[in-house]
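The values are calculated or read from the model by the stated rules, or taken from the named source; none is laboratory data. Since the model is a prediction, treat every value here as computed from it, not as a measurement. Heads up, the Cβs are rebuilt from the backbone with ideal geometry, glycines too, and the neighbour counts pull from every protein chain shown. Surface accessibility is based on the protein's heavy atoms, side chains included, excluding ligands, DNA and RNA. Shrake-Rupley method; radii C 1.70, N 1.55, O 1.52, S 1.80 Å.
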Amino acid sequence: RWWKVMAAEAAVEADPINPMRLFAELSSRLPDDAIVTADSGSSANWYARQLRFRGNMRGSLSGNLATMGPGVPYGIGAKFGHPDRPVVVFAGDGAMQMNGLAELITIKHYWQEWDDPRLIITILHNDDLNQVTWEMRAMSGAPKFAESQTLPDVDYAAFAASLGLHAITVTDPEQIGPAWDLALAADRPTILDVHCDPNVPPVPPHVTYEQMKDTAMSVLKGDEDALGVMKEGIKIKAQEFLPHPTRW
């Protein structure tokens, strides 16, 4: 039932893309020898919930320390350790602006040395330091503090293309599957610049009363995304109580 609920949550509509669907559609497409890394932040939530590891797959993330920025370097390290295996990286746009964009230059410099050139850098582009925004809402009842949480909008795909890397911008959920297929068949590293909805909540399976109360208080205190938070939160949580067929 857990996987049916996860598939249902990934299928919930968002504006423009539900980030869970990005992970869900990759899961069945992953090669059995893939290595997957995820940065700290909301990408780690969806990594944990939506990917089914099998075969010789390996995964890595900075989970205990929750250090921001290791996703892309971990992916590069995986390629040097296993140059014959495909690697997929998930990173938030905050991590990309901190060090990931510079590491794309590292990838440009070395990728032709790898037996299998497939290194897919997947960017959750929502112009928000999303994990901390949700932590502030659910743990302290504080509305989004735009002065610290809102990021500059960057065209990550254009930057990657300027380096000669394969680059795809995804702004519609129906583009997700084809984008994965293209990236997994590419003859060079690929950057997927995926525009995600920052208001899709990382609702835990067992929400405490304090978490619900604090999140509600953040909305009442004037969160600038209050309408989106309420709409997506209700739709996501409702999936736990509905019957679902298996979709992905």
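Here are some notes:
- From Asp153, Asp84, Asp127, Asp115, residue being on the phi > 0 side of the Ramachandran plot, open to solvent by 40 Å² or more (accessible area, probe 1.4 Å) and at pLDDT 95 or above: Asp127
- Selection of segment 174-197 for residues being assigned to a loop (DSSP other than H, G, I, E, B) and either touching a residue at least 60 places away in the same chain (Cβ under 8 Å) or touching a His at 6+ places or on another chain (Cβ under 8 Å) (or both) yields Ala186, Asp187, Arg188, Pro189, Cys196, Asp197.
- When residues of segment 42-72 are limited to those that are open to solvent by less than 20 Å² (accessible area, probe 1.4 Å) and assigned to a loop (DSSP other than H, G, I, E, B), the one nearest to Val87 (Cα to Cα): Met57
- Any hit, segment 229-237, residues being open to solvent by less than 30 Å² (accessible area, probe 1.4 Å), in a helix (DSSP H, G or I), modelled with pLDDT under 75 and farther than 22 Å from Met6 by Cβ: no
- Residue within segment 87-94 that is modelled with pLDDT of 95 or more, farther than 29 Å from Asp15 by Cβ and either surrounded by fewer than 24 Cβ atoms within 10 Å (Cβ to Cβ) or small (Gly, Ala, Ser) (or both) present: no
- Scan of segment 14-29 for residues that are crowded, with 20+ Cβ neighbours inside 10 Å and under 15 Å from Ala185 (Cα atoms), ordered by number: Leu26
- Among the conditions (1) open to solvent by less than 40 Å² (accessible area, probe 1.4 Å); (2) under 17 Å from the mean Cα position of the chain (by Cα); (3) within 28 Å of Arg29 (Cα to Cα), Ala186 misses just one, which is (2).
- Scanning segment 150-173 for residues that are β-branched (Val, Ile, Thr) and either assigned to a loop (DSSP other than H, G, I, E, B) or in contact with a helix residue (DSSP H, G or I) (Cβ under 6 Å, 6 or more places away or on another chain) (or both) yields Val154, Ile168, Thr169, Val170, Thr171.
- When we screen Val36, Val5, Val72 for residues that are more than 16 Å from the chain's Cα centre (by Cα) and either modelled with pLDDT of 95 or more or among the aliphatic types (A, V, I, L, M) (or both), the only hit is Val5.
- Across segment 39-59, the qualifying residues are those that are of a type in the set (A, V, I, L, M, F, W, C) and under 22 Å from Glu174 (Cα atoms), and the one among them that is modelled with the lowest pLDDT is Trp46.
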